[in-house]
Amino acid sequence: MSALRAVKTLFSLFTVLPVNADSNDVYELSRKFWLLPLIGAFFGFIAGSMLLILNNVFPPLVSSTIVLATLHGTNRFLHIDGLIDFGDGVITVGSKDDKIRAMKDVRAGTGGIIHAILFTLLVVTSLSSLPFYLLFLAPFAAEVLSRNSMVTCAAIGKPRDEGIGSIFVKNTKYKSLILSTILSTALIYTAGYLTGIFDIFSNVEFVIIFLLLIFSSCLAGIVMAEIAMKNFECVTGDVLGATNEIARSVILLVILVVVECLKLTQL
């Protein structure tokens, strides 16, 4: 039952769906934060399905823009707001307290706006550059693994004394990172099997590619935690949201690099 409460809270906190969750449910999710890739699978299914359908109607850039806008809207713009706040805090010159105040300021500054524009462009152009056989699996994997990056960041970082994000950081241990990685593996392998990706890649190729993506996902989370600790001496909810947005672009870029490398090996 506790796992079901945690899953219910995932949809309550991270989607626009009318799912109610109380403080006890939030605490239950914080103890099972490793379930976060499940909500990534939900968003990944939306992104992959939409990209497949829309690419038959619109040019790739238009389709990708609509997909990303849908993801942000379904997420209540929660993570992109975190990226903007994170960008404002990181570029602020001053003490830790100055940086945190800038991050918590409701007004968007130059750093936040530039971060949002750059990573939005990276995601849109990456999605529009995907080959047909990865139109579903690539965004699905990116959404799942970006949540694994969030779990990594929470496990590595230290919590702040206040804020809902501090609960997740405080209760996320290295065990959660291991469980999140296992869950991400199962979700992406299942999606790969169902989409027939093994007809294109051999089992060995798929394993190598997936290990590279997992490594990139964990590395993105570690780097984000280190940046946050250096600037704010803590990992906040805004940092976790920023991690999701940045890790999504990192995963998609890694996928594109792998695709190009495979093309070169086939020449």
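The values are calculated or read from the model by the stated rules, or taken from the named source; none is laboratory data. Since this is a predicted model, take the numbers as computed values, not measurements. All Cβ positions, even for glycine, are placed from backbone atoms using ideal geometry, and neighbour counts span all protein chains on display.
Considering only residues that are closer than 21 Å to Asn75 by Cα, of a type outside the set (Val, Ile, Thr) and in contact with a Cys (Cβ under 8 Å, 6 or more places away or on another chain), look in the stretch 224-245 and name the one that is surrounded by the most Cβ atoms within 10 Å (Cβ to Cβ). Steps first, answer last, please.
Step one: list which residues in the stretch 224-245 are closer than 21 Å to Asn75 by Cα, which gives 224, 235-245.
Add one more test, that the residue is of a type outside the set (Val, Ile, Thr), and what stays is 224, 237-238, 240-242, 244-245.
Now drop any that are not in contact with a Cys (Cβ under 8 Å, 6 or more places away or on another chain), which leaves 224, 240.
On the way: Met224: 25, Leu240: 30.
So the residue we want is Leu240.
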Legend entry - Residues being of a type outside the set (Phe, Trp, Tyr), within 14 Å of Ala47 (Cα to Cα) and in contact with a helix residue (DSSP H, G or I) (Cβ under 6 Å, 6 or more places away or on another chain) - total across the stretch 117-136: 7
Inset, instruction - Among the residues of the stretch 60-103, write down those that are out of contact with any helix residue (DSSP H, G or I) (no Cβ under 7 Å at 6 or more places or on another chain), in contact (Cβ under 8 Å) with a residue 24 or more places away in the chain and assigned to a helix (DSSP H, G or I). - result: Gly73
Inset, instruction - Scan the stretch 166-215 for residues that are assigned to a helix (DSSP H, G or I), under 17 Å from Val144 (Cα atoms) and among the hydroxyl-bearing types (Ser, Thr, Tyr) and report the count. - result: 8
Legend entry - the stretch 2-31 residues that are surrounded by 20 or more Cβ atoms within 10 Å (Cβ to Cβ), paired with ones that are aromatic (Phe, Trp, Tyr) and at pLDDT 90 or above (beta carbon under 8 Å, 6 or more apart): Leu29/Phe168; Ser30/Phe168
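Condition test on Leu83, is it out of contact with any Pro (no Cβ under 9 Å at 6 or more places or on another chain) and crowded, with 18+ Cβ neighbours inside 10 Å?
Spelling it out, Leu83 is indeed out of contact with any Pro (no Cβ under 9 Å at 6 or more places or on another chain) and crowded, with 18+ Cβ neighbours inside 10 Å.
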Legend entry - Count of the stretch 216-238 residues which are farther than 13 Å from Ser146 by Cα, part of a helix (DSSP H, G or I) and touching a residue at least 12 places away in the same chain (Cβ under 8 Å): 9
Legend entry - the stretch 21-49, subset among the aliphatic types (A, V, I, L, M) and over 18 Å from the mean Cα position of the chain (by Cα), residue modelled with the highest pLDDT: Val26
